[in-house]
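Undergrad: Dumping the structure here so I can ask a few things about it.
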Amino acid sequence: MSAETAKIAVSRLYADENGESHFIDETLEVTAVNFAPPAPSLFVSEGVPAKQAVYLYIPAGWFGDFHPAPRRQIMTLVSGRMECGVSDGTWRTFVPGNTQLVEDTHGKGHATKALEDCVMIVSQLG
C-alpha cells in the first residue's frame, strides 16, 4: 500500500453457476483522489452505476426465508444487528458499519433475520 492507494475489505454474497449462494471476503483497492476540494484527498473506489438508494427499517424478529436478491445492491447496516445465511449453510452476523455487495440475483438466494430493530441503506445498482 502506498500513499496513493489503500485497500479495504469487502464482503460479497453471490450465487454460483448451480444457484448455490456463498459469502466471499475480497479486497478492494482505493485510490487517493481530490474528491471534495479544498479538503485533503480521500481514498475512492471505482464508481458503480446506481439506480437508486433507499433506507430500510427492519423490525426485530423479522425473518425473510431463502430468496434471491431483486437486483445487485450494496447494503450497509446503520443500526441494529442481523443474521444472513446462504444456501451453502454459512451464517454471518452483521453489526452497524458492515457493508455487503449482494449479487445472488438467481438461484436459492439467502435468508435474513433481524436480531434487533435495524436500519439499512441500500444502493440498488443499475
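The values are calculated or read from the model by the stated rules, or taken from the named source; none is laboratory data. Just so it is clear, the structure is predicted and the values come from calculations on it, not from any experiment. Counting neighbours? That spans all protein chains shown, and the Cβs are built from the backbone with ideal geometry, glycine included.
Undergrad: Picking from Pro59, Pro68, which residue would you name as being of a type outside the set (A, V, I, L, M) and surrounded by fewer than 12 Cβ atoms within 10 Å (Cβ to Cβ)?
TA: Only one candidate passes the filter, namely Pro59.
Undergrad: Of all the residues that make up region 57-91, how many are in contact (Cβ under 8 Å) with a residue 60 or more places away in the chain and either assigned to a loop (DSSP other than H, G, I, E, B) or more than 13 Å from Ser21 (Cα to Cα) (or both)?
TA: First pass over region 57-91, keeping only residues in contact (Cβ under 8 Å) with a residue 60 or more places away in the chain: 57-58, 84, 86-88, 90.
Then keep just the ones that are either assigned to a loop (DSSP other than H, G, I, E, B) or more than 13 Å from Ser21 (Cα to Cα) (or both); that gives 57-58, 87-88, 90.
So the count comes out to 5.
Undergrad: Count, please, the residues in region 80-90 that happen to be of a type in the set (Gly, Ala, Ser), surrounded by 13 or more Cβ atoms within 10 Å (Cβ to Cβ) and more than 14 Å from the chain's Cα centre (by Cα).
TA: Step one: of region 80-90, the residues of a type in the set (Gly, Ala, Ser) are 80, 85, 87, 89.
Then keep just the ones that are surrounded by 13 or more Cβ atoms within 10 Å (Cβ to Cβ); that gives 80, 85, 87.
After this cut, where a residue has to be more than 14 Å from the chain's Cα centre (by Cα) as well, the list is 80, 87.
Count: 2.
Undergrad: Give region 102-118 a look and list any residue that's assigned to a strand (DSSP E or B) and in contact with a Leu (Cβ under 7 Å, 6 or more places away or on another chain), or say none.
TA: Across region 102-118, the qualifying residues are Val102, Glu103, His110, Cys118.
Undergrad: Continuing with the same structure: Of all residues in region 45-89, which are among the acidic types (Asp, Glu) and either closer than 11 Å to Val122 by Cβ or at pLDDT below 95 (or both)?
TA: Residue satisfying the conditions is Glu46 alone.
Undergrad: Could you check how many residues of region 29-73 are under 21 Å from Arg92 (Cα atoms), among the hydrophobic types (A, V, I, L, M, F, W, C) and touching a Leu at 6+ places or on another chain (Cβ under 9 Å)?
TA: 2
Undergrad: Listed residues Val119, Val102, Val54; which is within 12 Å of the chain's Cα centre (by Cα) and either surrounded by 19 or more Cβ atoms within 10 Å (Cβ to Cβ) or touching a residue at least 60 places away in the same chain (Cβ under 8 Å) (or both)?
TA: Val102
Undergrad: Then there is this: Looking at this structure, is Val48 more than 23 Å from Cys118 (Cβ to Cβ), in contact (Cβ under 8 Å) with a residue 60 or more places away in the chain, within 15 Å of the chain's Cα centre (by Cα) and surrounded by fewer than 13 Cβ atoms within 10 Å (Cβ to Cβ)?
TA: yes
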